[in-house]
Amino acid sequence: MKHFLTLRDYQQADIIEIIKLAIAIKKDYKENKERNDMHKKILGMIFEKNSTRTRVSFEAGIYQLGGNGIFLSGKEIQLSRGESIADTARVISSMVDMIMIRTFEHERLEEFAKFSHVPVINGLSDLYHPVQVIADYLTMIENGIFVKGSFDAAYKQDPRVVYVGDGNNMTHSWLLLAAIMGFEINVACPRGYMPKQEILEYAQKISTKDIRIYEDPNEAIRGCNVVVTDTWVSMGQEEQKEEKKKIFKDYCIDCAKMELADKEAIFLHCLPAYRGQEVSEEVLEGRQSRVFQEAENRLHAQKGIMVWLNKQS
């Protein structure tokens, strides 16, 4: 049985298969064709962290595939009252067909998956956000930016992605995606906010392409095909907001920075975005922005993941 906790557990062929499923599912959705890949399947959705896109995309996605979703707030289930993760996992997984968890410590996900009888999907943890980068890669493909040979369409040879901002779960997931799928990535973070060394070294070890780390965002962005950022203050870090705004002030993706990228570069952000902080209003709403296409692709990418996992179990 496969879980979807981190891209470290996946090969390039697996990700290509998931993406191709997502493309087919999205095509059918746009053509109003009904799908029943998850007919009468139940998705349990545990939210220990609040969400907009994750909840709507998973709940709508399972419904569109012929199944049903059950929303389980972390504050309302017995986990919040001291029931062990192992007991919760064994009970819930005996009643549903798949489980999505959005939580804080990644170790909680790993323990839950260890005792679960059904596939577990990481809807976000402090270390990784794999469902988001699958949606991001789908968005790259739809804009003709991906590795030669992966898909039968136009492509940019040796694309280069740049991630600018905090070395967080999104940074880690982008590093793994780049290493597995075989494209270059630059990461620009302030000193003291770099990605975790162990994850960086693992990505560098398995990658066939360059992975470069910068402190200067302008140098990192130059010539890149995809410019990515994220909020500087993740959920649960609100007390760091003012300090981070000072430290990250030179890392805002504005028009001047986008001009350093490839002239056909696209801009991605997993949202929610704080305009005037990590990204300017002009870039977020500009011609190079694909953030709302990217946001919609959470729906279709996650449907691809659920269908793929269902086939493996």
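Based only on Cα atoms, what Rg/Rh ratio does the chain have, Rh being taken as Kirkwood's radius?
Using Cα coordinates only, the ratio equals 0.96.
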Check: Which ³J(HN,Hα) values in Hz, rounded to whole numbers, follow from the phi angles of segment 182-192 under the Karplus curve 6.51 cos²θ - 1.76 cosθ + 1.60, where θ = phi - 60° and Gly and Pro get x?
Finding: x, 10, 6, 9, 10, 10, 10, 9, x, 4, x
Notebook entry, point to check: Among His39, His172, His300, whose mean-square fluctuation peaks in a Gaussian network model of the chain (Cα, cutoff 10 Å)?
Noted result: His39
Margin query: Show me, for segment 269-277, the HN-Hα J-couplings you get by feeding each phi into the Karplus relation (A = 6.51, B = -1.76, C = 1.60, θ = phi - 60°), rounded to Hz, glycine and proline as x.
Written below: 8, 6, 6, x, 9, 10, 5, x, 10
Note to self: Need the full-extension length gain, Ser84 to Lys40, defined as separation in residues times 0.36 nm minus the C-alpha distance. One decimal, nm.
What the structure shows: 13.0 nm
Checklist line | 3J(HN,Hα) from dihedral phi, segment 26-34, Karplus parametrisation 6.51/-1.76/1.60, rounded to Hz, x for glycine, proline | finding: 5, 4, 4, 4, 5, 9, 6, 8, 6
Check: If you take the beta carbon distance between Lys241 and Tyr202 as r and set R0 to 51 Å, what does 1/(1 + (r/R0)^6) give as a FRET efficiency, to the nearest 0.05?
Finding: 0.95
Item checked: Farthest toward positive dipole pole in the chain [+1 Lys/Arg, -1 Asp/Glu at C-beta], among Leu309, Tyr137, Tyr10 -> Leu309
Notebook entry, point to check: Using a Gaussian network model of the chain with C-alpha springs under 10 Å, which one of Phe112, Phe267, Phe71 is most mobile by mean-square fluctuation?
Noted result: Phe71
Note to self: Counting only helical runs of four or more DSSP H residues, what would the 222 nm mean residue ellipticity of the chain come to if each run contributes -39,500 (n - 2.57) and the total is spread over all its residues?
What the structure shows: -12000 deg cm²/dmol
Notebook entry, point to check: Considering the dipole of segment 26-78 built from charges on the beta carbon (Lys and Arg +1, Asp and Glu -1) around the Cα centre, which of Phe71, Thr54, Ile42 is farthest to its positive end?
Noted result: Thr54
Check: Given R₀ = 35 Å, FRET efficiency for Tyr63-Arg275 by Cβ-Cβ distance, to 0.05?
Finding: 0.65
Item checked: Highest-fluctuation residue, Ala60, Ala135, Ala179 considered, GNM on the chain with Cα pairs under 10 Å -> Ala60
Next item on the list: Report, in cubic angstrom per residue, the convex hull volume of the C-alpha atoms of segment 1-151.
Entry: 116 Å³
Next item on the list: Please tell me the relative contact order of segment 144-289 in percent, rounded to the nearest whole number, where contacts are Cα pairs under 8 Å and at least six residues apart.
Entry: 22 percent
Notebook entry, point to check: What's the local net charge at Ala179, with K and R +1, D and E -1, over the other residues with C-beta under 9 Å away?
Noted result: +2
Item checked: Residues with amide H under 5 Å from that of Arg160, placed H, sequence gap 5 or more -> Asn225, Val226
Margin query: Using DSSP to call loops (not H, G, I, E or B), can you name the GluC sites (Glu not before Pro) in segment 239-290 whose Cβ has at most 16 other Cβ atoms within 10 angstrom?
Written below: Glu259, Glu264, Glu285
Next item on the list: Calculate the radius of gyration of the Cα atoms of segment 144-289 to one decimal place, then report Dmax, the largest Cα-Cα distance, as a whole number, both in Å.
Entry: 14.8, 47
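Taken together, the values in this text are just the output of simple stated rules run on the coordinates, not laboratory data. Quick caveat, the model's predicted, so the values are computed rather than measured. A quick note on method: Cβ atoms are made from the backbone with ideal geometry, for glycine too, and the neighbour counts reach across all protein chains shown.
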